[in-house]
Amino acid sequence: MRPIRANLGATVLLLLTAIPAVAHTGDLSGGFLGGFAHPLFGPDHVVAMVAVGLWGAFLGPPPMFVLPIVFPLVMAVGGALGIVGVPLPGAELAIAASAIVLGLMVASAARPPLWVAATIVAAFAIFHGYAHGAELPAGTDAAAYSIGFVTATGLLHLVGIALGLTVRWPAGRVGVRGTGAVIACAGLLFLWRLA
């Protein structure tokens, strides 16, 4: 019963902080600390990153290790595209869709081949990274900022993995799948707010 309460509590907290799917500015100045804080102030990023960890844990090794590594690596590429100003239409839409799709993967207990799961995660990572890179504050050390937001992203993946490891117990499995459904619903809310 305890894993369900923990997952439910985390889910309620995420829903209470839901705001439109925008790449969230954070209020801290640039550098590592600004980059680290930036993804933490955006519920759209938080739910998608937790979902990556949840899905990885649900799938078990090796996806549990591969998905949370693929995401930050590809996100860094997307961030570089945003920093240099390469246009990437539909980024906010894709960020909202990431919560929907990743949440549904967890909720439905989807078990695709590793390459399919990694491709899904990588596709959304480009857009998350792009949004962060495009909103890099002027005069900011891009390298330090990028290291900060990649680090925060990795830690959010670890939170998802920690919650996802409760699938070992029947109640945990239900809690994790329920959390996936809530993440998908949050993605629908982000999408609705974009309209």
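The values are calculated or read from the model by the stated rules, or taken from the named source; none is laboratory data. Just so we're clear, the structure is a prediction, and the values are computed from it rather than from any experiment. Here Cβ is always computed from backbone atoms with ideal geometry, including for glycine, and neighbour counts include all displayed protein chains. Note: accessible area is taken over every heavy atom of the protein model, side chains too, but ligands, DNA and RNA are not part of it. Shrake-Rupley method; radii C 1.70, N 1.55, O 1.52, S 1.80 Å.
Please state which of the following conditions residue 24 fails to meet, knowing it meets all the rest: (1) modelled with pLDDT under 95; (2) open to solvent by less than 40 Å² (accessible area, probe 1.4 Å); (3) more than 17 Å from residue 152 (Cα to Cα). Failed condition: (3). Between 112, 68, the distinction of being closer than 18 Å to residue 176 by Cβ, open to solvent by 10 Å² or more (accessible area, probe 1.4 Å) and more than 13 Å from the chain's Cα centre (by Cα) belongs to 112 only. Looking only at residues of region 139-165 that are open to solvent by 20 Å² or more (accessible area, probe 1.4 Å), of a type in the set (Val, Ile, Thr) and under 20 Å from residue 68 (Cβ atoms), we find that the one that is farthest from the chain's Cα centre (by Cα) is 147. Among residues of region 153-173 that are on the phi < 0 side of the Ramachandran plot and at pLDDT below 95, those with a beta-carbon under 7 Å from a residue that is open to solvent by 60 Å² or more (accessible area, probe 1.4 Å) and part of a helix (DSSP H, G or I) at least six positions away or on a different chain give the pairs 167/173.
Okay, residues lined up against (1) closer than 18 Å to residue 51 by Cβ; (2) of a type in the set (A, V, I, L, M):
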residue	(1), (2)
83	no, yes
89	no, no
104	yes, yes
109	yes, yes
126	yes, yes
159	yes, yes
163	yes, yes
179	yes, no
189	yes, yes
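For beta carbons closer than 7 Å, sequence separation of 6+ or different chains, a first residue in region 87-105 that is closer than 12 Å to residue 124 by Cβ and a second that is among the charged types (D, E, K, R) and open to solvent by less than 10 Å² (accessible area, probe 1.4 Å), the qualifying pairs are 95/44; 96/44; 99/44.
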